[in-house]
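Q: Please find one structure pasted underneath; my questions will follow.
The values are calculated or read from the model by the stated rules, or taken from the named source; none is laboratory data. These numbers come from a predicted model, not from an experiment. Virtual Cβ from ideal backbone geometry, glycine too; neighbours counted across all protein chains shown. Quick note on the areas: whole protein, heavy atoms, side chains included, nothing else; ligands and nucleic acids left out. Shrake-Rupley method; radii C 1.70, N 1.55, O 1.52, S 1.80 Å.
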Amino acid sequence: MIRRELRAAVRAAALILSVAVPITAHCGVIPLPAEIVAEVGSFNVGAATVVHVPRGDADADQAARYLVELWTRTNGLTLPVTVSPANPGAASTDSISFERHSGFGPEAYEINVAPHGVTVSAASAAGLFYGAVTLWQLLPPGGAAGQIPAQTIRDMPTYAWRGLMLDSARHFQSPAFIRSMIDWMALHKLNVLHWHLTDDQGWRLEIRKYPRLTSVGAWRVDPGGARYGGFYTQGEVRDLVRFAASRHVQIVPEIEMPGHATAAIAAYPSMGAAGDGALRVSASWGVHTHLFNLEPGTFEFLENVLGEVLELFPSRYIHVGGDEAVKDEWNASPTVQARARRLGIHGADAMQAYFTQKIAKFLSAHGRRAVGWDEIMQPGLPSDAVVMAWRGASGAHAAAIKGNDTVLAPDPALYFDHRQSKLAAEPPGRLIIISLEDVYRFEPGDPALSDLQRRHILGLQAELWTEYMTTGQRVEWMALPRAAALAEVGWSSRRSWPDFLRRLVSMSARYRALNLDYADSVFGIDAHFARAAGGVSVTLGNLSELKDAGLDPSIHYTLDGREPSATSALYEAPLTVPVGTEIRAATFLGPQQASRTWSSRPDAHAGVRRSSHELELCGNGVGLLLEPSTGAAPDAPLAVDIMNPCWIYRDVELGSAGRVTAAVAALPFNYVGLDAAKIRVGDNRTPVGELEVHVDGCDTASLGVLPLAPAAGKDGITELPALKLPPLSGRHDVCLRFARPRLDPLWALDWVEIENQ
Ligand code: TNX
């Protein structure tokens with residue numbers, strides 16, 4: 001009691017001296033806390049600091065130990081955790097105290113940093129935990145001691161659901177990766193891991209009653225002939241669920257139905273609508289047509305599966321998919337049609353509604369709530385079902401008006417399978433750019449909703465679909481730091497893009513200390529080469545976005561192989577260097593290095609060679625960044641529109657006796673559900689096909705072709721023999737397109753060189 005009065009007095013005094021700082025860079029906290037009041041002085045953290053927790057308070061003890069663990073990992077500082085002394089007066093010097101107080105919201109906390117001590121107060125375990133996470137970030141990363149400016153932080157989230165969806169079906173990640181992901185989610189105060197465990201390409205959850213779901217459904221044969229797969233045992237799942245609870249992350253499992261069910265039906269063909277015993281787990285991407293049927297035995301099967309799911313996952317929410325259920329098989333199946341007639345259901349959409357309602361009722365009866373993709377919004381949807389809006393935000397709007405809870409998860413803004421910049425360093429993914437800033441500027445608020453309706457928006461979530469993310473490491477790159485932007489949108493009531501970028505520099509240092517493979521795209525170096533007298537002209541860039549945000553970035557570089565620092569040469573204008581010179585460069589904000597170090601040693605091809613991702617695509621069908629899975633690897637993934645493998649190289653000087661060389665890859669065409677009839681094939685002149693070269697348009701008579709025969713049947717990247725161009729002059733747009741006998745293989749361009757003597 002005395003303690004509290006004392007604190008109130010200190011606070012009142014501090015208020016006189018303090019200014020409610022706008023958003024300031026002194027705090028490296030992401031997501032930005034709701035309120036920060038700066039005060040006078042600072043608290044020294046160092047080896048003498050002690051962390052106190054109330055006797056018998058296991059939650060406070062856990063939060064305190066997490067703080068200590070984080071400082072050990074990022075600052076090499078390990079502090080003792082002890083029970084608070086009975087006489088609080090004796091504790092205040094050099095101590096950090098976790099305290100339990102009422103009057104806080106479910107995830108809210110307060111941190112008071114004063115020169116004589118720090119207190120972290122909250123009512124709940126989650127509040128104490130988030131207080132620890134914030135306090136961890138108040139100490140600059142790196143040193144084993146430091147100062148935290150005196151301040152009071154009062155914080156709570158805007159939204160309760162701050163999630164990431166991980167697709168473990170298309171590619172499988174190890175339990176160790178999932179554990180690490182839960183850990184770094186918690187560092188961003190993200191609290192829902194929506195775990196996409198089943199799909200056409202794999203069933204990844206052990207179900208004791210149906211062993212074929214994993215013995216058959218967890219394995220596929222990939223295009224190259226390799227068997228690919230894996231699944232999580234129930235023991236592994238229990239461990240992960242327990243670990244997630246300790247990080248205040250709720251795992252919401254997803255079992256897809258009635259579509260995205262190929263793997264399950266391959267394991268148990270009688271559950272399928274087409275009765276196809278020959279169905280295999282798919283190794284193709286896209287929308288498949290295989291659906292579960294509506295027989296009583298199928299619902300019994302699904303309810304038994306869900307029964308085991310409920311035993312494993314304590315989450316109140318269970319996701320049952322519902323997206324992209326193309327109804328061809330239902331429409332074509334006499335059995336399904338007969339069942340629908342008996343049930344008095346008319347039309348395929350009504351059948352899906354029946355499906356969802358039956359499963360949602362089963363979950364309600366077990367005290368859980370169904371979550372589904374926005375296609376579940378059909379007449380009769382139970383009011384406790386949660387709609388996950390992915391086809392834009394309109395599904396969330398409609399759900400809120402109807403009175404259903406909803407989560408914003410829209411494509412493309414929150415689909416992290418899109419690349420995040422045009423830099424060569426981006427791994428495979430979808431070609432549309434969803435930058436860090438795009439995520440940061442995502443607006444979850446919907447002014448058209450009433451207050452009552454707005455309460456149905458539980459929060460937001462980003463999706464990590466893994467068709468093109470073959471490893472956990474790549475998932476990490478695609479997720480970070482966009483998950484940091486997502487976290488700030490979901491948590492913070494105020495936002496500032498420039499300030500976020502400044503705080504991200506500290507956060508990046510923490511990512512490095514935690515060994516996380518994050519993307520530095522927003523700060524990364526964009527390099528362009530051109531041939532010049534005396535060697536290669538090098539242009540370094542990518543600062544405009546940072547400058548637009550009002551920051552003052554600079555690029556420093558070295559030419560002697562040494563690491564660049566803030567005192568290395570300042571890049572001001574394109575440099576000309578001899579061929580073979582090693583250039584190292586990085587982006588700096590003041591003295592702090594913001595990007596990773598970029599390096600290159602331009603060879604004789606630099607300035608002439610253009611990679612596919614530096615060319616324009618002829619159309620905008622389905623743009624992807626792809627790479628061959630075996631054989632010679634490209635420098636960067638290949639940019640290709642799979643509907644139209646065709647590229648434009650703008651404004652090339654074409655003198656006489658020009659030469660075109662190119663490197664290509666034969667990639668598997670493993671896509672379904674596309675309008676394949678629209679893809680031009682059969683226009684080849686030789687059996688394998690050729691790369692056609694046109695100028696001033698793609699429909700002009702081609703100037704010549706590079707036959708693909710030398711690359712046929714080869715893995716990886718193959719350089720084709722050069723094509724001599726007829727005499728030409730002036731600057732032209734050059735179009736390169738593949739003429740080929742069939743869809744598979746999908747020919748893709750890695751790079752092209754156009755030289756003229
Ligand atoms: C659509 S979004 C899907 C996924 C794909 C994704 C690729 C949704 C509910 N379904 O099956 O992985 O596009 O971005």
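Q: Apply the membrane-span-like helix rule to the chain: whole DSSP H runs, Cα extent along the own long axis of at least 15 Å, mean Kyte-Doolittle hydropathy at least -0.5. List the helices found. Please report the intermediate quantities before stating the final value.
A: Numbers: long enough: 2-17 (23 Å, 0.76); 58-75 (25 Å, -0.62); 125-138 (20 Å, 1.19); 175-187 (18 Å, 0.90); 234-246 (18 Å, -0.16); 296-312 (24 Å, 0.51); 348-365 (26 Å, 0.21); 497-513 (24 Å, -0.40).
Result, helices passing both filters: 2-17, 125-138, 175-187, 234-246, 296-312, 348-365, 497-513.
Q: Given a cut-off of under 8 Å on Cα pairs at least six residues apart, what relative contact order in percent is computed for segment 185-256?
A: Across segment 185-256, relative contact order equals 43 percent.
Q: Percent relative contact order of the chain, based on C-alpha pairs within less than 8 angstrom and at least six residues apart?
A: Value for the chain: 10 percent.
Q: With Rg and the Kirkwood Rh both taken from Cα atoms, where does Rg over Rh land for the chain?
A: Numbers: Rg = 28.8 Å, Rh = 28.6 Å.
Result for the chain is an Rg/Rh of 1.01.
Q: Taking θ = phi - 60°, what integer Hz values does the Karplus form 6.51 cos²θ - 1.76 cosθ + 1.60 yield along segment 451-456, in sequence order, with x for Gly and Pro?
A: Ordered by residue, 3J(HN,Hα) equals 4, 5, 5, 4, 5, 6 Hz.
Q: May I ask for the Kirkwood hydrodynamic radius of segment 375-441, worked out over all distinct Cα pairs and given in angstroms to one decimal?
A: Hydrodynamic radius (Kirkwood, Cα only) of segment 375-441 equals 13.4 Å.
Q: Taking only DSSP H segments of four or more residues, each worth -39500 (n - 2.57), what value at 222 nm results for the chain once the sum is divided by all its residues, to the nearest 500 deg cm²/dmol?
A: Numbers: 19 runs with 196 residues, N = 757.
Estimated from H runs of four or more residues: -7500 deg cm²/dmol.
Q: A follow-up question, please. In whole Hz, what ³J(HN,Hα) sequence does segment 219-226 give by Karplus (6.51, -1.76, 1.60; θ = phi - 60°), x for Gly and Pro?
A: Per residue, the Karplus-derived 3J(HN,Hα) values read 10, 9, 9, 6, x, x, x, 7 Hz.
Q: While we're looking at this one, here's another question. Using the Karplus equation 6.51 cos²θ - 1.76 cosθ + 1.60 (θ = phi - 60°), what ³J(HN,Hα) coupling, rounded to whole Hz, does each residue of segment 514-530 give in order, writing x for Gly and Pro?
A: 8, 6, 8, 8, 8, 7, 9, 3, 5, 9, x, 8, 9, 10, 10, 10, 9
Q: Based on the mean of other beta carbon atoms within 10 Å per residue, what is the order of 508-520, 691-703, most packed first?
A: 508-520, 691-703
Q: Using a 10 Å cut-off on Cβ atoms, rank the peptides 456-464, 313-321 from the highest mean neighbour count down.
A: Highest mean packing first, the order is 456-464, 313-321.
Q: Amide H of Tyr571: which non-local residues (sequence gap of 5 or more, or other chain) have their own amide H closer than 5 Å, using H built in the peptide plane?
A: Hits under the 5 Å cutoff: Ile555, His556, Tyr557.
Q: Amide H neighbours of Tyr317 under 5 Å, at least 5 residues apart or on other chains, H built in the peptide plane: list them.
A: Placed amide hydrogens put Arg369 under 5 Å from Tyr317.
Q: OK, next. What's the tally of Lys pairs in the chain whose alpha-carbon atoms lie under 26 angstrom apart, where the two lysines are 8 or more places apart or on different chains?
A: Close lysine pairs under the 26 Å cut-off: 10.
Q: Keeping the other protein chains in place, figure out the carbon and sulfur percent of the accessible area of the chain, with a 1.4 Å probe.
A: Answer for the chain is 54 percent, counting heavy atoms of protein chains only.
Q: Something else now. Over segment 101-244, what portion of Cα pair distances is larger than 19 Å, expressed as a whole percent?
A: Working: 6528 of 10296 pairs.
Summing the P(r) tail past 19 Å for segment 101-244 gives 63 percent.
Q: Rg and Dmax of segment 191-236 over Cα atoms: what are they, in angstrom?
A: 11.8, 39
Q: In addition: Tell me which residues come under 5 Å, amide H to amide H, from His101 once H is placed; ignore anything under 5 positions away on its chain.
A: Residues meeting the criterion, in which the H sits 1.01 Å from N, are Ala122, Ala123.
Q: Please calculate how many Å² of accessible area segment 41-90 carries per residue, with a 1.4 Å probe and no DNA, RNA or ligand atoms counted.
A: I get 45 Å² per residue for this part.
Q: Take each of the peptides 410-416, 103-109, 274-280, average the number of other beta-carbon atoms within 10 Å over its residues, and list them starting from the highest.
A: Highest mean packing first, the order is 410-416, 103-109, 274-280.
Q: Residues in segment 591-605 near a label at Ala573, defined as backbone nitrogen under 14 Å from the 7 Å Cα→Cβ point?
A: Taking a point 7 Å out along Cα→Cβ of Ala573, no residue of segment 591-605 has its backbone N under 14 Å.
Q: A further question on this structure: Dividing the convex hull volume of the Cα atoms of segment 644-757 by its residue count, what figure in Å³ per residue is obtained?
A: Values: hull volume 11.1 nm³, N = 114.
Cα-based convex hull of segment 644-757, divided per residue, equals 97 Å³.
Q: Taking Rh as the Kirkwood radius, which is the inverse of the mean 1/r over Cα pairs, what is the Rg/Rh value for segment 252-387?
A: Dividing the radius of gyration by the Kirkwood radius yields 0.94.
Q: Right, something else. Run the simple label-point estimate for Arg454 and Asp222 please: 7 Å along Cα→C-beta, distance reported in nm.
A: According to this spin-label approximation, the distance is 4.7 nm.
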